[in-house]
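Report on the following structure.
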Amino acid sequence: MSKLVLLHGPAWDAGAVRAALDAEQIDRRIVTAIAPGALDDRPTVLLLDETLRTTLGAEGVRAAADAGAAVVALGAPGETDLPASLPGADLAPIFLTAPAGPRQLLAALKAAFREAAGRAEILRGRAEVAARSKEITELAQIGVALTTERNYDVLLEMILTQSRRITQSDGGSLYLVEGRDTPSPKVRFKLAQNDSVPKAPFVEFTMPLNHASVGGYVCSTGEAVVIDDTYFLPPDV
């Protein structure tokens, strides 16, 4: 998959810059509207000719910029400055008067992609901060529940649900260690959740607290175990 995306209207023809864009493996996409979620996390440039500018309107251009796209506006014949129909200084689009030469257009696109890469980094940083803040809030809620929730089963369900949410896991299970200080400690398979198979049958059971199972190993050592495919376990597991 290409690392850069160029959005343009149906009337724009790459022409003399087509070979250069292809050499950079830029993903060119025709757009007539900017739908929510239409942009991914790749650096994206919106190339506005006069037709697309009219089609999208100021709100559409703003939506693209808010989603992280940098904007390059192609002036119509006779336009000597950024048209009033486009958002101004806060959007900071690159404006090229007509006719824009191929070298001038390529230079503008390169500058716009650098700007888009910076925007993408800022958006990723904001998303990470928001995710960390959400995790802290959820952990705080679990901490409060540990001291206030009297229903044992509800508390365990909450712990597993929040753990899955924080780790973005489709499924998860909760084990309880019983009799750790006895001659025969056990691990109880207490709870399971799975979004893909929400009605999967569940049977609570116990097994020895030893290294004969992945759950027993983790509970006895406290070490994390990562297995890429649990249907094909390594021979030493």
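Quick look at the values:
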read-out: Answer label for percent of Cα pairs over 22 Å apart (calculated), chosen among [x] 60; [y] 51; [z] 67; value: [z]
read-out: Computed over the stretch 1-145: relative contact order in percent, which uses C-alpha pairs under 8 Å that are six or more apart; value: 22 percent
read-out: J(HN,Hα) series, the stretch 200-207, from Karplus relation 6.51 cos²θ - 1.76 cosθ + 1.60, nearest Hz, glycine and proline x; value: 4, x, 10, 10, 6, 8, 10, 8
read-out: In Å², nearest 10: area of V203 left accessible to a 1.4 Å probe; value: 100 Å²
read-out: Compactness relative to 2.2 N^0.38 Å, alpha carbon Rg of the stretch 56-195; value: 1.88
read-out: Cross-link reach list, aspartates and glutamates versus K186, counting only Cα pairs under 18 Å and skipping chain neighbours closer than eight places; value: E178, E204, E223
read-out: Antiparallel DSSP beta bridges within the chain, percent to nearest 5; value: 45 percent
read-out: Calculated FRET value between T167 and R114, using beta carbons and R₀ = 41 Å, to 0.05; value: 0.75
read-out: Average accessible surface area per residue within the chain, 1.4 Å rolling probe, Å²; value: 62 Å²
read-out: Solvent accessible area, Å² - S173, 1.4 Å probe, full protein context; value: 50 Å²
read-out: Pairwise centroid distance, computed over Cα atoms, of the stretch 123-159 with the stretch 207-237, Å; value: 27 Å
read-out: Net charge dipole size for the chain [Lys, Arg +1 and Asp, Glu -1 on Cβ; Debye, nearest 20]; value: 100 debye
read-out: Computed lengthening from I227 to D81, 0.36 nm per intervening residue step minus Cα-Cα distance; value: 46.7 nm
read-out: The stretch 1-108: C-alpha gyration tensor shape, a/c 1.5 cut-off, then a/b vs b/c; value: oblate
read-out: Within straight-line cross-link reach of K190, lysines at Cα separation under 26 Å, skipping those fewer than 8 residues along the same chain; value: K199
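The values are calculated or read from the model by the stated rules, or taken from the named source; none is laboratory data. Keep in mind that this is a model prediction, so the values were computed, not measured. We place every Cβ from the backbone using ideal geometry, glycine too, and count neighbours over all the protein chains shown. Surface areas here come from the heavy atoms of the whole protein model, side chains and all, with no ligands, DNA or RNA. Shrake-Rupley method; radii C 1.70, N 1.55, O 1.52, S 1.80 Å.
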